[in-house]
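One structure is given here, and the rest of the page talks about it.
The values are calculated or read from the model by the stated rules, or taken from the named source; none is laboratory data. As the structure is a prediction and not an experimental result, all values here were calculated from the model. Counting neighbours? That spans all protein chains shown, and the Cβs are built from the backbone with ideal geometry, glycine included. Just so you know, the surface numbers come from the protein's heavy atoms only, side chains and all, with ligands and any DNA or RNA stripped out. Shrake-Rupley method; radii C 1.70, N 1.55, O 1.52, S 1.80 Å.
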Amino acid sequence: MRAWVVDTPGPMATGPLVPVERDVPEPGPGEVLVRVEACGVCRTDLHLAEGDLAPRRPRTTPGHQVVGRVEGSGERVGVAWLRSTCGRCRYCLRGMENLCPDSTYTGWDADGGYAEYVMAPADYVYPLPGDVPAERLAPLLCAGIIGYRALARCDLPPGGRLGIYGFGSSAHLTAQAAIARGATVHAVTRSAASRELALELGAASAGDRPPEPLDAAILFAPVGDLVPPALEALDRGGTLAIAGIHLTDVPPLNYERHLFQERTLRSVTANTRADGRAYLELALAHPPRVETKIYPLDAAGRALADLAADRVRGAAVLVMG
Ligand SMILES: [Zn+2]
Ligand SMILES: [Zn+2]
């Protein structure tokens, strides 16, 4: 089969991703082999390719937003970021499997979906409908699910004012979920195309800063320099949740300006399967608009380069020929 692997991490987005020919993997007990129809491109894949996220094993195939068919049964499934947990530790037992120290991740600890086939533990795949185009489902699997968890982590009150910093794949789905709950959404992004998309999706504003104090905010851009202004833009009692796995260094905070008046700064770490099931149920019952930019598998390097250069409006998705 054709696949892409992350080679030696380096500074160039397109450099370390190399095409290879590999044997189709053989599923073991409790595993399914999935023929990939589409795989969403996530900023985490870019962090891996650029070396911001240390590789867990050499020459791993990235991609953790996979829609495909189980070989043999033909069942449509989604393979997402969380690949396995121990099921026994204090976090797993408390319903916080996203914090399991022995958790593993698709496209990081094991090969992911920038390939014609991917293998996954059957207990961690999500059933998906067969009649929706694969490219519309793929971005739900990380962009959608992580955004859903970030929305819970930022404690957005009913009818509240939500700031969204960075407006890519996850943000464009999260904005719609928040607006559906009655929130007023303010997008903060430098990209003209992303500002336009935010306003099309119902954001109240899109610009350099929110025009009013915020009850909650989510930082999707991996930029630590945005943390102090985002905290300052919160109203009293507001919460800022950082959604990404990687963030550049946060500059020093000033207690009075950034945190006093019970403002809260939180991270978001992966997701539980319960988050995934809850979000997918919601997104399949009330489908969001999924803005996609489609690439063939052969163009995975170009997709990452476009993501790095802010040339993607919405979600980049690899679609198999
Ligand atoms: Zn992701
Ligand atoms: Zn565990």
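Between residue 316 and 41, 293, the built amide H atoms are under 5 Å apart, and every one of these is 5 or more places off in sequence or on another chain. In this rough spin-label picture, where each label sits 7 Å from Cα along the Cβ direction, the residue 102-residue 267 distance is 2.2 nm. Normalised by the number of residues in segment 144-268, the mean separation of alpha-carbon contacts (under 8 Å, six or more apart) gives a relative contact order of 25 percent.
With a Förster radius of 56 Å applied to the C-beta separation of residue 1 and residue 88, the computed FRET efficiency comes to 0.95. Taking every DSSP beta bridge with both residues inside the chain, roughly what % is antiparallel (nearest 5)? Counting only bridges with both partners in the chain, antiparallel ones make up about 50 percent.
Sort 254-265, 219-230, 189-200 by the packing proxy (mean of other Cβ within 10 Å over each peptide's residues), most packed first.
Values: 254-265: 12.9, 219-230: 20.2, 189-200: 17.2.
So the order, starting with the most tightly packed, is 219-230, 189-200, 254-265.
Using bins of 5 Å that start at zero, the share of Cα-Cα pairs per bin across segment 1-140 amounts to 2, 11, 19, 21, 20, 15, 8, 3, 0, in whole %. For the chain, the convex hull spanned by the alpha carbon atoms encloses 128 Å³ per residue.
What does the accessible area per residue of the chain come to in Å², with a 1.4 Å probe and no ligands, DNA or RNA counted? Numbers along the way, then the final one.
On the way: 13900 Å² over 321 residues.
Averaged over the residues of the chain, the accessible area is 43 Å².
Measuring nothing but how far apart in sequence close Cα pairs (under 8 Å, 6+ apart) lie, relative to its length, the chain scores a relative contact order of 19 percent. Between segment 57-100 and segment 295-321, the C-alpha centres lie 23 angstrom from each other. Database remark: amide H of residue 3 closer than 5 angstrom to the amide H of 20, 22 (H placed geometrically; neighbours at sequence offset of 5 or more, or on other chains; Pro and chain starts carry no H).
Which length gain, in nm to one decimal place, applies between residue 250 and residue 116 when the Cα-Cα distance is subtracted from 0.36 nm times their residue separation? List each step's numbers first, then the result.
Values: separation 134, 0.36 × 134 = 48.24 nm, distance 3.89 nm.
Gain in length upon complete extension: 44.3 nm.
Here's the picture: a label point sits 7 Å out from the Cα of residue 31 along the beta-carbon direction, and within segment 61-88 the residues with their amide nitrogen under 13 Å of it are 84. Residue 93 contributes about 130 Å² of solvent-accessible surface, heavy atoms of the protein only, 1.4 Å probe.
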